[in-house]
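The values are calculated or read from the model by the stated rules, or taken from the named source; none is laboratory data. As the structure is a prediction and not an experimental result, all values here were calculated from the model. Cβ atoms come from the backbone with ideal geometry, glycine included; neighbour counts cover every protein chain shown.
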Amino acid sequence: MKIILLGAPGSGKGTQAVLVSKELGLPHISTGEIFRDNIKRGTEIGLKIKAVIDGGDLCPDDLTIEIVRNRLKEEDCKNGYLLDGFPRNIAQATALDKTDAPDKVIELVIPLEKLEHRLTGRRGCTKCKSSFHIDFIGNRKDCPHCGGELGIREDDNAESVKERLAVYKTQTAPLIEYYAKQGKLFPIDADLPIEEVFASILKVVR
Ligand code: ADP
Ligand code: ZN
């Protein structure tokens, strides 16, 4: 099965993707993670996109599409994929439709005014990549899952968050209609506890 998780930054795509990928045995492909990994390793791609990502804007389409196409050719994608953070605009969706069109698109629906709070209070594990919110973990510095070190994403500062939400509204939100027209869109209430959102997703994909 080919699944896309669609939703604004902070809607919980990453958190749900980890759970769903484990449950269904599909490779979790996060373009954000791929880019951050390139930045961390100081690759050519990483150097090229660091400023764009930190500012909350989108990386170039041609680069992003090529990365995803190559990733989808790998052996572990032969039974499908779980895409998180791609496509993020109509050009990317059109490109994906040409080679690896999705079966279902799950939209994580959440009131936009809640996202700023979710993002600016977010802490991420540098080791297992899980995200947590300071509302729940307070100011602890170690990951509740694996004990790894918690950090703040460079683009989770107030200014970049504003830009990311603006980019979502203008560029990514149009994908909702794009996939609805294809009959592939499944909206899910994401303003609920993690386990409940996960249960709704499983209902849709099973
Ligand atoms: P979030 O959903 O919380 O914004 P992601 O990890 O999905 O976080 O993405 C982080 C950043 O990586 C984005 O703000 C953007 O700069 C870049 N990025 C991720 N996916 C794409 C994409 N499909 N196209 C262009 N840029 C992307
Ligand atoms: Zn961890």
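Points to keep in mind about this one:
- Search result, residues across the range 181-202 that are touching a strand residue (DSSP E or B) at 6+ places or on another chain (Cβ under 9 Å) and either touching a residue at least 24 places away in the same chain (Cβ under 8 Å) or part of a helix (DSSP H, G or I) (or both): LYS184, LEU185, PHE186, PRO187, ILE188, ASP189, ALA190, ASP191, GLU196, VAL197, SER200, ILE201
- Pairs where the first residue, in the range 146-164, is acidic (Asp, Glu) and the second is assigned to a loop (DSSP other than H, G, I, E, B) and near ligand 1 (Cβ under 10 Å from one of its atoms), C-beta under 7 Å, 6+ apart: ASP155/GLY56; GLU163/GLY56; GLU163/ASP57
- Test: residue in the range 135-158 that is under 21 Å from VAL20 (Cα atoms) and either in contact with a Ser or Thr (Cβ under 7 Å, 6 or more places away or on another chain) or among the acidic types (Asp, Glu) (or both): yes
- Annotation: ARG123 fulfils all but one of (1) within 16 Å of ligand 2 (Cβ to nearest atom); (2) among the basic types (Lys, Arg); (3) at pLDDT 95 or above; (4) surrounded by fewer than 18 Cβ atoms within 10 Å (Cβ to Cβ); the unmet one is (4).
- Residues considered: GLY85, GLY46. Of these, the only one that is surrounded by 19 or more Cβ atoms within 10 Å (Cβ to Cβ), within 13 Å of ligand 1 (Cβ to nearest atom) and modelled with pLDDT of 95 or more is GLY85.
- Of the residues making up the range 79-103, those that are of a type in the set (D, E, K, R) and either under 18 Å from VAL205 (Cβ atoms) or within 16 Å of the chain's Cα centre (by Cα) (or both) number 4.
- Unmet criterion (only one of (1) of a type outside the set (D, E, K, R); (2) at pLDDT below 95; (3) within 14 Å of ligand 2 (Cβ to nearest atom)) for LEU112: (3)
- Residue under evaluation ASP97, criteria (1) over 18 Å from LYS13 (Cα atoms); (2) surrounded by fewer than 12 Cβ atoms within 10 Å (Cβ to Cβ); (3) charged (D, E, K, R), criterion not met: (2)
- Any strands (runs of 3 or more DSSP E) falling wholly within the range 1-96 and containing at least 3 residues that are small (Gly, Ala, Ser) and within 16 Å of ligand 2 (Cβ to nearest atom): none
- Residue within the range 23-40 that is touching a strand residue (DSSP E or B) at 6+ places or on another chain (Cβ under 6 Å) and hydrophobic (A, V, I, L, M, F, W, C) present: yes
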